[in-house]
Structure formats: C-alpha cells, structure tokens
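Written out below as structure tokens is the structure these notes cover.
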Amino acid sequence: MGSPSAKRFSLRSIGSAVATIFLVLLLIVAGGVATLHHTDNTPARGGIVPVNDHLLPRKILRRLEVIEEASSSSNIDFANQQHRPPPPRLPRGLVHETTNLEMEPSLAGDPEHRHAAAAAATKPKSLLAVPVGIKNKAVVDKLVSKFLAADDDFTVMLFHYDGAVEQWGDLEWSGRAVHVAARGQTKWWFAKRFLHPDVVAEYDYVFVWDEDVEVDAFDPVRYLDVVRREGLEVSQPALDRRSEIHHAITARALLPTADGVHRRVRNARCGGGGGDSGTGPPCAGWVEVMVPVFSRAAWRCAWGMVQNDLIHGWGLDYRLGYCARGDRAINVGVVDSEYVLHRGVPMLSDGGTATPSAGRAAVRLRSFKEMQVFNRRWEVAAAEDDSWTDPYPTSGSRASDGEVKSSR
C-alpha cells in the first residue's frame, strides 16, 4: 500500500486532469472557442501539447480529435438527410395524382355541387391543342368553332407562339379556351411542357394539330365515331388532295372504303426502309405529325417519346406506331370519311415577328439535324435496353435525305 502523501498526489493529479478535460469540453460546446493549434512543427514537451495556453497530454488530444472527427461526420450525414425527400404523409384518399384543363366558370358557388354534376355527365371529353399566330386568326377561328360546336365535350388549348394573346379576345369562344404564350416556340415544345399525360388524363382523345388546316369537310364527332369503331389508337384525318402532301399515305383515298379508313398505301415509294414489301412506314400503320390524334394511352407513350430539346418533331412520325398498343397496321390509320385541307403555311420560319432571326432554310436544316439526333438516340437506347424487344425489327426508321417534311 502506498503512503498517504502518494495517495494525495495521485488524487490531486487525477482531479487536475479531469478538471482540464472538463474545461476543454466546455469551451468546445460553448461555440468552438477552444481551437486546436497542434501542427507538426509544434515543439514537443514530452507527452504534453499546448492547447489554448493549456497543456494537455497527447493521448487526450488524440481522443479530442477523434470526437471532433465523429462530430463532423455526424453533421455531414445530417446534411445529406436534409436533402432526401420525406416519406409521404398525406392521407391516401386526399391525393389527386392527375388534373385537367377545365376552366372554372365562376369564383363563387358550390364547388362540390358543380363537380358532382360534372361527374354525373356521361359525354366523353377530348382535347384540341393548336399552336397559333395572329396571322392565321381567321383559319383558327373556323377550326376551333367547329370543335366547340360539336356534341362531344371538347376543351381547347391554344399555344401562342407569337405572344399575341389579347388580340384573340374578340372571338366568342376565346374566354372558353386555355391560352398559353411563349414567343417563338413550336407545337412540340408546347406539348412537351403543357400536355403532360397526368394533366390530360381525363380526356379520351388528344388532338395535337397544326393551325394551317381548313375543316370544311371535317366533323370531329363523326371522326371520333370512326376512331372508336375501328379501335384506332393513333390516327389522323385524310388530306384533301389539293393539300400540301408530304407522304402518299396521308392523302385521301381515290376510292372510298367501306369503313372510311385506310391503313396502308400501295404502289408508292416507301420511306424509312419499307421498300417494296409495303410493311414499313409510311406504307402502313403510319400518320403524319401535322394533325395526329391520340388515345389517352397512346398520348402517354408519345409524350414520353418527345425529347425536351428536339422541338420540331422530325422523326416522331416514324415511331408513333410503337404507341399503338398492338399491331400498328391495325391500330393506326387515316380516316378518309373526315378529311381536312392542309394549307402548308410556314408561320414560324417566314421571317415574321415570331422568329425574326431564323429563316426558312435555317429552320429546315435544324429540323433535319434533329431527326438525325432522334434516330441516334433511339438506336442507342434500343441497344442498351436488354429488356426491350423491337416489335418491328425489319422496318427502318430513317427518312431518305430527299424526304419533304413539315417544318412544324
């Protein structure tokens, strides 16, 4: 056993060490006032290192460094946790995952009563979306009026690529349409950003049309009657033969068919690798991107195909058959009984107010380059996705270099 003086010395040493540790920890907790000034050049005093004018044993210093590193790691983890999305906390029955483009008629009234009445209605609803410029106001007026006068319930959405919205206010139907303005943008730019499938999920069919079409021989209700009867997931009205026609399959058949629809064209040069067999687009199961009509499911597929940065839509027409939910030679077709006249007015590339710096030739050059980019992306994606099987492996996708296409 040690002497009393040795015990007192031992207790005194322990008490001093505890007091020193307590003091350092207190300073750290109080705001990091005590900072470590230990470097490799610090002169050694045996096992002692100076810390803010206090002498600490090196073992204690190492423990403090471990504590500081652990504290820093905890802070980093906490910061990462802050960026992780929180788990859903809303009651399941409250969440509305889709929406629509319906206009509210009044800021007053009983919303529950109105929505209950709308839910009780059995009429189908469809959407007409059109890019418009004020120069084509008269033609668009006839087009929209034809749809809004139909028995079916149509919602109209106008994409103003020239920014002129107020100039449409004098038309009777203008207040019933949804207006979106973005200067100098194309139909597919608008469609990608404002026609998300969850936004248009309530509509049976989505019409994504150009503005330069005349509809004197077209009735939207009769058109949809044919589409439903024939099970067409992707379709378009036939083009009057006086139209600007880019592909033979889109022209109205010379001899009317019994069902009012044609799905293929014979004795015509087929682009995109169809050759003489008549099995590939645009010889069969193919429509133009000028006046396409999509079922709800087909639009969800087509919307995903539209690229954010490819604004002209070239190349989409050769792939829309993949959205047909089945055999494109059956579920894709051109409706002859209801046809339109395509005027072929290049509003976005005429050097007008919409895009004054982009001439016709420059726009067409970019359109062609976009088609090449789209085709490359398709080929790369198809090669990298081992789970995907091409249902049309023998049909090509590239248009010939001399192909004449729309600049929309």
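The values are calculated or read from the model by the stated rules, or taken from the named source; none is laboratory data. All values reported here derive from a predicted model rather than from experimental measurement. Neighbour counts run over all protein chains shown; Cβ positions are idealised from the backbone, glycine included. Calculation scope for accessible area: heavy atoms of the full protein, side chains included, ligands and nucleic acids excluded. Shrake-Rupley method; radii C 1.70, N 1.55, O 1.52, S 1.80 Å.
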**the stretch 233-254, residues that are in contact with a Pro (Cβ under 8 Å, 6 or more places away or on another chain) and in a loop (DSSP other than H, G, I, E, B)** = H247
**Request:** Give me a count of the residues in the stretch 196-206 that are crowded, with 24+ Cβ neighbours inside 10 Å and of a type in the set (A, V, I, L, M, F, W, C).
**Result:** 2
**Asked** Yes or no: R269 under 25 Å from A182 (Cβ atoms), at pLDDT below 95, surrounded by fewer than 17 Cβ atoms within 10 Å (Cβ to Cβ) and out of contact with any Gly (no Cβ under 6 Å at 6 or more places or on another chain)?
**Response** no
**Request:** Would you check if L232 is buried (at least 16 other Cβ atoms within 10 Å of the Cβ), at pLDDT 95 or above and under 22 Å from V140 (Cβ atoms)?
**Result:** no
**Request:** Look at the stretch 154-193 and say how many of its residues are open to solvent by 40 Å² or more (accessible area, probe 1.4 Å), outside any strand (DSSP E or B), under 13 Å from A129 (Cα atoms) and without any contact (Cβ under 8 Å) to a residue 60 or more places away in the chain.
**Result:** 1
**Request:** For R364, work out the one condition from (1) touching a helix residue (DSSP H, G or I) at 6+ places or on another chain (Cβ under 7 Å); (2) open to solvent by 20 Å² or more (accessible area, probe 1.4 Å); (3) modelled with pLDDT under 95 it doesn't fulfil.
**Result:** (1)
